[in-house]
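> Structure below; questions to follow.
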Amino acid sequence: MVRVTVNDSNIEKALLILKKKIAKEGILSVLKNKRYYDKPSIAIRKKIAKAERRRRRRMKRMQKYIIS
């Protein structure tokens, strides 16, 4: 559970801290993924596509260090 204390009635700063904590924990991405029902076959395809994007990104970064 994410908690933020408000000091000196500074609500704007508390909101910024809350948004950072929520982003760091990945709460919004979980809610976004669970917004609609995905059939198991589609969920597997999305999972594979996400892994492929991660792999490509990692290879691109590694390639930059190898070439340099």
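> Within the chain, which is the longest segment containing none of the trypsin sites (Lys or Arg not before Pro) that sit in a DSSP loop and have at most 13 other Cβ atoms within 10 Å?
Longest stretch, sites excluded: 36-68.
> Find the Rg to Rh ratio for the chain, where Rh is the Kirkwood radius over alpha-carbon pairs and Rg uses the same atoms.
1.20
> Please report, in debye to the nearest 20, how large the charge dipole of the chain is about its Cα centre when each Lys and Arg carries +1 at its beta carbon and each Asp and Glu carries -1 there.
Its charge dipole is roughly 660 debye.
> What value, in deg cm²/dmol to 500, does the helix sum -39500 (n - 2.57) over DSSP H runs of n ≥ 4 give at 222 nm once divided by the residues of the chain? Walk me through the numbers on the way to the answer.
Details: 3 runs with 50 residues, N = 68.
Computed ellipticity for the chain at 222 nm equals -24500 deg cm²/dmol.
> Same structure, new question: For the charge dipole of the chain, defined by +1 on Lys and Arg C-beta atoms and -1 on Asp and Glu C-beta atoms about the Cα centroid, which residue among ILE27, PRO40, ASN10 has the Cα displaced farthest towards the positive pole?
Farthest towards the positive end: PRO40.
> If you filter the chain for chymotrypsin sites (Phe, Trp or Tyr not before Pro), then keep DSSP loop positions with at most 13 other Cβ within 10 Å, what is left?
TYR36, TYR37
> Right, here's the next one. Run the reach check for LYS34 against lysines, Cα to Cα strictly under 24 Å, same-chain hits fewer than 8 apart removed. What comes back?
By straight Cα distance, LYS34 reaches LYS19, LYS20, LYS21, LYS24, LYS46, LYS47, LYS50.
Read the figures in this text as sums done on the coordinates, not as results from a lab. Just so you know, these numbers come straight off a predicted model, no measurement behind them. Cβ: placed from backbone, ideal geometry, glycine included. Neighbour counts: every protein chain shown.
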